[in-house]
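First the structure, in the form of structure tokens, and then the observations on it.
The values are calculated or read from the model by the stated rules, or taken from the named source; none is laboratory data. Note that the structure is predicted; figures quoted are calculated from it, not measured. FYI the Cβ positions are ideal-geometry reconstructions off the backbone, even for glycines, and counts take in every protein chain you see. Protein only, heavy atoms only, side chains kept; ligands, DNA and RNA dropped before computing areas. Shrake-Rupley method; radii C 1.70, N 1.55, O 1.52, S 1.80 Å.
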Amino acid sequence: MGGALTRYRVIAWIVGVALVVLVLIGMPLKYGFDNPTVVAVVGTAHGWLYMLYLAATFDLSRRVDWPLKRMLLVMLAGTVPFVSFYAERRVSHWLTAERPRTPAPVAG
């Protein structure tokens with residue numbers, strides 16, 4: 001599960017940053033200054049990266065046996081600016097809270 005969580009966390013941040021760049025930089029440039037370059041490049045990249053985000057979320061959710069509703073809500077988090085960052089923190093918290101803790105070895 002550790003590898004799946006790491007993959008999910010990395011792609012969640014990448015998708016979140018791409019979406020923020022698209023909305024806060026690309027859209028104002030396109031509609032305010034008639035320069036669609038950022039939207040064309042970042043929008044396309046975000047679309048492909050979002051597909052990876054969906055795959056990583058699905059993989060993680062099957063490994064930890066989430067209910068369908070939780071999986072779908074986490075998947076939708078990649079479509080709203082800044083929400084993927086929140087979802088990534090919540091997912092990390094859920095999974096580290098559920099993971100049984102093993103005590104550290106005592107040197108002696």
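Tallying residues that are open to solvent by 80 Å² or more (accessible area, probe 1.4 Å), at pLDDT below 90 and over 13 Å from the mean Cα position of the chain (by Cα) within segment 68-94 yields 1. Does at least one position in segment 42-49 carry a residue that is part of a helix (DSSP H, G or I), small (Gly, Ala, Ser), within 15 Å of the chain's Cα centre (by Cα) and crowded, with 19+ Cβ neighbours inside 10 Å? Checked segment 42-49: no residue is part of a helix (DSSP H, G or I), small (Gly, Ala, Ser), within 15 Å of the chain's Cα centre (by Cα) and crowded, with 19+ Cβ neighbours inside 10 Å. Going residue by residue through segment 51-59, is there one that turns out to be touching a Lys or Arg at 6+ places or on another chain (Cβ under 8 Å), surrounded by 11 or more Cβ atoms within 10 Å (Cβ to Cβ), assigned to a helix (DSSP H, G or I) and at pLDDT below 90? Taking every residue of segment 51-59 in turn, none turns out to be touching a Lys or Arg at 6+ places or on another chain (Cβ under 8 Å), surrounded by 11 or more Cβ atoms within 10 Å (Cβ to Cβ), assigned to a helix (DSSP H, G or I) and at pLDDT below 90.
Taking Val39, is it at pLDDT 90 or above, more than 16 Å from Glu88 (Cα to Cα) and part of a helix (DSSP H, G or I)? For Val39, the condition - at pLDDT 90 or above, more than 16 Å from Glu88 (Cα to Cα) and part of a helix (DSSP H, G or I) - is met.
Whenever a residue of segment 44-56 is over 12 Å from Ile14 (Cα atoms), its partners that are open to solvent by 40 Å² or more (accessible area, probe 1.4 Å), lying with C-beta atoms within less than 8 angstrom and at least six residues away or across chains, give the pairs Ala56/Arg7. Within segment 1-26, the set of residues being crowded, with 20+ Cβ neighbours inside 10 Å, farther than 15 Å from Leu60 by Cα and within 15 Å of the chain's Cα centre (by Cα) comprises Val15, Gly16, Ala18, Leu19.
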